[in-house]
Amino acid sequence: MEESDAALVERCRTGSDAAFRELIDRYKNLVYGVILRTVADRSRADDLAQEVFLRVYRGLPSFRGDSSLSTWLFRIARNVCVETRDRRLFEQSLDALASDHRPRVDPGAHDQAFAAIELRDRLDRAMSQLPPAARFLVSAHYLGGQKYEDLARALDMPIGTVKTHLHRARRRLRELLEMPS
Amino acid sequence: MMPHDDPPFDAVDRGLDAMFAAGEQAPPPFTVDVLRRIQQDRWRRERRLDRIFYAGLCASGVLVIVGLWLAFGTLAGVVATGHDTIFNGQVLSSVENISGDAAMKLALAGLVVTVLASWRRLYS
């Protein structure tokens, strides 16, 4: 049976390198995946994801376990992503989704667009057109399986705001999918 | 994956679930790279602490020397004036008090700094 996160964190706190290696192995794909979706650059994502784990290592002594380890990781990942950009730009970019109502160009393209592989490709491209903050939110929600409450805690936002931003991001994705490729 | 309760977004949700189900794999040397960065970070911190420690040592050494110098200076002054007037005696004693106290406080501060630096060096 897999060791719980709390037990793993405790072992890491004792200074066990093996435990920290295990922690990295457990979460590296998740952290890397979310950051990659956010910054859309593999080498930068690699560097930033490493930075996340470095901060986790430094912060372990002060991690009280009030939130889950994954929530804490997402909070750090989000801070790392924000610091690489202009903070205001990162935060405003979520609001930008609200006012961005582009017309549906070709609703008839629906059937064609939702063929599985093509859909994935188009979603991938659509994702890259979302603002970074929205990409982070969508990735954390779908890839990390983070619940609204956890996301709200990780991003220091009210749950309602998280839901609204996610709703807008999905609406924007749908609009992008409905455009002819 | 996640339960999604918004019918109009079903297709988007399914697509996102499928897209993320494949998942992105971190590059193979990722763990080793992170551990290497941690080692470098530790090493940099140790160097910083070393610098603080040696700076503390130097500062306390200087303070002790200054304290001793002031103390000897005061003693020499007392010996040189010998049987001087009461006025001179008062001046000397007040100078002696001030300089002696200051030197003692400085030396003590140096000692405290050194002890703190040593403690951090040993237990970090």
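Nothing in this text is a laboratory measurement; each read-out follows from the coordinates by a stated rule. Predicted model, so just to flag it, every value in this text is computed and none were measured. Virtual Cβ from ideal backbone geometry, glycine too; neighbours counted across all protein chains shown.
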Note on region A:1-91: alpha-carbon gyration tensor, axes a ≥ b ≥ c; rule is a/c under 1.5 for rounded, else prolate if a/b larger than b/c, else oblate; result prolate
Can you compute the modelled spin-label distance between B:Asp17 and A:Ser4, with each label point 7 Å from Cα toward Cβ, in nm? 2.9 nm
For the pair B:Leu116 and B:Asp10, what calculated FRET efficiency results from E = 1/(1 + (r/R0)^6), where r is the Cβ-Cβ distance and R0 = 45 Å, to the nearest 0.05? 0.10
Can you sort A:His165, A:His141 from fewest to most other Cβ atoms within 10 Å of each residue's own Cβ? A:His165, A:His141
Would you list, by chain and number, the lysines whose Cα falls below 24 Å from the Cα of A:Lys28, excluding same-chain residues fewer than 8 positions away? A:Lys147
Please list 3J(HN,Hα) in residue order for region A:29-43, calculated via the Karplus relation 6.51 cos²θ - 1.76 cosθ + 1.60 where θ = phi - 60°; whole Hz, with x for glycine and proline. 5, 5, 5, 4, x, 5, 5, 4, 5, 7, 9, 6, 8, 4, 5
Give the cross-link partners of B:Lys105 among the lysines, using a straight C-alpha distance below 16 Å as the criterion and excluding same-chain residues fewer than 8 apart. none
Cβ-based exposure ranking for B:Arg47, A:Arg171, A:Arg122, A:Arg21, in which fewest neighbours within 10 Å come first: B:Arg47, A:Arg21, A:Arg171, A:Arg122
